[in-house]
1. Inspect the stretch 375-397 for any residue being among the aliphatic types (A, V, I, L, M) and either within 17 Å of residue 86 (Cβ to Cβ) or touching a Cys at 6+ places or on another chain (Cβ under 9 Å) (or both) and give the result as yes or no.
2. Just one of the numbered conditions (1) farther than 20 Å from residue 30 by Cβ; (2) open to solvent by 10 Å² or more (accessible area, probe 1.4 Å); (3) hydroxyl-bearing (Ser, Thr, Tyr); (4) at pLDDT 95 or above is not true of residue 397; which one?
3. If you go through the stretch 266-288, how many residues are at positive phi and outside any loop (DSSP other than H, G, I, E, B)?
4. Which of (1) buried (at least 20 other Cβ atoms within 10 Å of the Cβ); (2) in a loop (DSSP other than H, G, I, E, B); (3) aliphatic (A, V, I, L, M) is the odd one out, the single condition residue 108 does not satisfy?
5. Scan the stretch 32-48 residue by residue and report those that are touching a strand residue (DSSP E or B) at 6+ places or on another chain (Cβ under 8 Å), of a type in the set (A, V, I, L, M, F, W, C) and more than 17 Å from residue 357 (Cα to Cα).
6. List pairs: first residue in the stretch 607-636 and more than 14 Å from residue 195 (Cα to Cα) and in contact (Cβ under 8 Å) with a residue 60 or more places away in the chain, second residue part of a helix (DSSP H, G or I) and of a type in the set (S, T, N, Q) anywhere in the structure, Cβ distance under 6 angstrom, at least six positions apart or on different chains.
7. Working only within the stretch 366-394, note down all residues that are open to solvent by 10 Å² or more (accessible area, probe 1.4 Å) and closer than 15 Å to residue 41 by Cα.
8. Which condition number in (1) of a type in the set (S, T, N, Q); (2) at pLDDT 95 or above; (3) open to solvent by 10 Å² or more (accessible area, probe 1.4 Å); (4) within 29 Å of the chain's Cα centre (by Cα) is the one that residue 591 fails?
Amino acid sequence: MKSFCCAVSVFVCLSVSVCAQQATPVEAIKLKEGFQVELLYSVPKADQGSWVAMTQDDKGRLIVSDQYGSLYRVTPPGLGGASGETKVEKIPVEFGSCQGLLYAFGALYGVVNADTAQGRGLYRVKDTNGDDQFDAVEQLKAFPNKGGEHGPHGLVVGPDGKSIYVVSGNQTPLPEMQSSRVPRIWDEDQLFPMLLGRGFMRDVTAPGGWVAKTDPEGKNWELINVGNRNTYDIAFNKQGDLFGFDADMEWDFGMPWYRPTRVSLMASGGDLGWRTCSKKWPVRWEDSLAPVVDIGPGSPTGVVFGYGAKFPAKYQEALYVADWSYGKLYAVHLKPEGAGYSAVFEDFMSAAPLPLTDMEVSRKDGAMYVTVGGRKVQSGLYRVTYAGDEATVAAASAAVTAEQKLRYELEALHGAMDGAVLDKAWPQLGHADRLIRAAARVAVEHQPVGLWQDKALAETEARRVIQAMMALSRVGRGNKELQPKVLEVLGRIDWKALELADQGALLRAYMLAFTRFGEPEAGVKAALAQRLGAWFPVADTGLNRDLTEILVYLGDAGVVAKAVPLVNESPTQEEQIDYARILGFAKVGWTKALRESYFRWFPRAANYKGGASFNLFIDEIKANAVATMSEAEKAELKGVIELKPESAVPTFTLKPMTFVKAWTMADLEGLLGAGLEGNRDFENGKNMFGAATCFACHRFGAQGGAVGPDLTSVRGKFSPRDLLESLLEPSKEISDQYGSSIFTMADGSQVVGRIANLNGDNLQVSTNMMDPHAFTTVNTTKLVKTEESKVSMMPPGLLNMLKDDDILDLLAYLLSGGNAKDPMFTE
């Protein structure tokens with residue numbers, strides 16, 4: 001087929017028979033200004049399947065794999081003597097169904113996540129006679145197979161040029177590893193039993209998904225990190241840091257443990273914190289690796305750096321991450337920061353649909369090649385090139401920070417058992433950078449505990465004490481004699497002298513002392529409850545939730561009276577749900593009035609929105625609370641326990657909200673100057689973010705929904721006027737990332753929304769941003785036209801229940817980035 005052979009696709013034509021073999025046309029694709037895209041090939045689905053993995057060989061030809069079938073070699077126009085047409089050849093070996101491909105060391109490596117060939121594992125395919133045809137297949141490593149899509153996926157050559165790294169999702173138990181950079185002491189580390197919801201993978205325990213390193217022969221395997229959910233692909237930057245793109249379970253939308261789709265630094269020895277159902281670790285917990293940047297909802301697939309592309313420098317250095325369900329290719333711009341990175345991202349290439357699966361930057365022509373496909377949907381191959389005026393000379397690498405250099409030195413100690421390691425790593429347990437502290441702790445945990453236990457118990461510097469006690473609890477699992485010693489050392493730390501992050505780390509250290517050693521004796525629990533209860537409540541939401549959990553675990557009688565108001569008054573449904581979950585395990589401290597206040601929250605919560613497990617989770621929280629009551633209490637409170645919800649729009653506040661005014665820009669624009677100068681109410685702004693239901697869709701900081709744009713960074717993107725305009729007139733400027741489409745069917749009916757999933761000929765279209773579980777199925781065989789909607793999915797009028805001062809407080813809150821010390825809140 002020739003370039004641009006697809007003038008139409010199934011989404012813009014009337015004849016299904018003509019369009020059945022056509023990928024999304026280039027005119028339907030939005031691309032970053034200055035770039036251009038060619039559709040090189042629409043894959044005949046019946047003959048060549050749906051392509052999900054791609055690599056390039058030593059001649060620059062592409063090798064691709066059908067998800068459920070064969071391998072193909074593709075020679076694009078202009079490469080290898082081909083002119084004008086894309087040449088596609090089936091590779092004549094009984095092998096395929098690969099979700100990861102890599103041509104390296106003179107051979108083709110493939111990762112199979114299926115029962116084909118010899119089953120799930122890493123394979124090598126060779127050309128044994130030099131005739132430019134692969135003819136031999138061998139399995140280098142079999143992987144345990146529990147079935148499902150969350151198996152082994154991508155693979156990449158390591159920074160040393162001598163090794164291969166493989167990533168696997170959480171449905172593949174760890175195969176045998178000869179060594180590990182991760183201390184083999186992982187656990188669930190939660191104080192209370194999990195909530196199941198619909199129970200997907202309820203039996204999967206730590207470590208979850210993993211990354212491992214092997215040699216070209218697949219003989220020696222080393223575990224690199226753990227705790228991802230289903231990272232599909234990985235890529236190294238020039239500094240040798242590994243990055244992945246991971247998602248959470250969409251059924252958990254709206255719950256406090258839901259984690260938005262994220263770009264992660266998959267650092268040596270680290271745990272990314274995935275645990276099943278409600279047990280996922282929050283980002284704030286010190287023993288997990290925090291994401292580099294949250295992207296939003298999506299289904300991550302391929303990732304690649306732009307190195308070698310004939311693109312402007314900014315886009316050569318970008319990390320490209322593909323979202324299969326929403327049809328977005330993001331350019332993630334990383335910036336060294338401390339021992340890690342910060343990042344911003346932008347839409348680079350998008351369409352509806354555009355089920356992206358993999359990308360390759362050609363070493364021959366400097367173009368980016370992109371495949372779409374998967375789950376038997378229409379597949380295609382595209383080529384992206386730059387046609388703008390900016391220079392495309394090779395970009396200079398970013399400088400390595402001093403903190404990154406120190407982290408690399410510490411990571412080089414991971415797995416080594418040498419007394420000298422303690423001399424190097426121990427001082428860094430007190431470093432200000434979280435990644436350095438983590439790298440140092442991992443190095444310490446690899447050493448025999450007898451070498452450093454006394455040193456840990458004698459430590460006096462607060463940060464080092466916290467890290468050392470975390471390490472001692474983790475490696476000393478089950479050693480009950482250690483617990484009182486650890487608790488005594490933690491008890492010497494002055495809470496008020498700690499910075500916020502260190503307070504959070506201290507609380508996590510207490511948690512680990514309980515989860516690893518078991519429940520303390522009654523007298524110890526009472527003394528701890530008295531000490532920690534004096535700290536509660538605090539101004540930080542994350543600390544409050546952790547303190548509530550610890551105090552309920554310790555049986556503190558005073559926490560219930562302090563925390564029940566937080567169930568009803570917190571500004572987000574996630575906060576309210578988490579307090580309700582924790583209090584559901586509280587057995588003491590209840591009065592009739594507190595019970596009534598608590599149970600009256602559930603009819604309100606029934607109107608909140610979330611994923612497919614949402615109502616089941618809420619029911620479990622209620623059932624746990626009822627289980628702590630006596631039969632007499634149940635009888636006395638039967639009426640309030642059995643209250644039925646009334647269908648209504650979600651409200652996150654008990655404060656009555658009434659219509660104030662249909663606000664316009666003309667009403668409010670004149671208030672923006674002096675009105676935002678130094679006298680705003682931070683807490684009211686946060687509460688108005690909830691009262692206006694913004695938290696239902698939008699994330700701010702580490703809270704809120706994930707179906708709309710993350711608003712944490714609006715301060716650097718919007719002026720006060722622009723922000724106000726976007727709130728009052730959401731359809732005036734619609735982000736490509738969150739735009740919707742109009743799908744017109746053969747019978748004249750229309751569906752408006754965003755494609756959230758695909759399977760064969762069916763699209764799952766999300767039609768209501770405030771209800772992430774609201775989907776309409778669109779059958780593409782009955783679809784005659786798709787066009788961009790000019791109306792935002794964000795409903796208008798959300799500020800009409802707020803007074804002008806409330807709106808100004810809301811704007812100030814958003815523009816502060818969540819910092820209560822911002823000058824806008826200072827008299």
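1. Applying the first criterion (among the aliphatic types (A, V, I, L, M)) to the stretch 375-397 yields 377, 381, 384, 387, 391, 393-396.
Going one step further and asking which of them are either within 17 Å of residue 86 (Cβ to Cβ) or touching a Cys at 6+ places or on another chain (Cβ under 9 Å) (or both), we end up with 381, 384.
Within the stretch 375-397 (the criterion being among the aliphatic types (A, V, I, L, M) and either within 17 Å of residue 86 (Cβ to Cβ) or touching a Cys at 6+ places or on another chain (Cβ under 9 Å) (or both)), the answer is yes, since at least one residue qualifies.
2. (4)
3. Pass one, the stretch 266-288, residues at positive phi: 269, 273, 277.
Imposing the further condition that a residue be outside any loop (DSSP other than H, G, I, E, B) reduces the set to 277.
Selection size over the stretch 266-288: 1.
4. Going through the list (1) buried (at least 20 other Cβ atoms within 10 Å of the Cβ); (2) in a loop (DSSP other than H, G, I, E, B); (3) aliphatic (A, V, I, L, M), residue 108 breaks only (2).
5. The initial filter retains those residues of the stretch 32-48 that are touching a strand residue (DSSP E or B) at 6+ places or on another chain (Cβ under 8 Å), namely 32, 34-43, 48.
In the following step, the residues that additionally are of a type in the set (A, V, I, L, M, F, W, C) were identified as 35, 37, 39-40, 43.
Of everything in the stretch 32-48, just one residue is touching a strand residue (DSSP E or B) at 6+ places or on another chain (Cβ under 8 Å), of a type in the set (A, V, I, L, M, F, W, C) and more than 17 Å from residue 357 (Cα to Cα), namely 35.
6. 608/573
7. Within the stretch 366-394, the subset open to solvent by 10 Å² or more (accessible area, probe 1.4 Å) is 375-376, 378, 383, 385-394.
Of everything in the stretch 366-394, those that are open to solvent by 10 Å² or more (accessible area, probe 1.4 Å) and closer than 15 Å to residue 41 by Cα turn out to be 378, 383.
8. It fails just one condition, (4).
The values are calculated or read from the model by the stated rules, or taken from the named source; none is laboratory data. Quick caveat, the model's predicted, so the values are computed rather than measured. Don't worry about glycine lacking a Cβ; one is built from the backbone with ideal geometry, like all the others, and counts go over all protein chains shown. Calculation scope for accessible area: heavy atoms of the full protein, side chains included, ligands and nucleic acids excluded. Shrake-Rupley method; radii C 1.70, N 1.55, O 1.52, S 1.80 Å.
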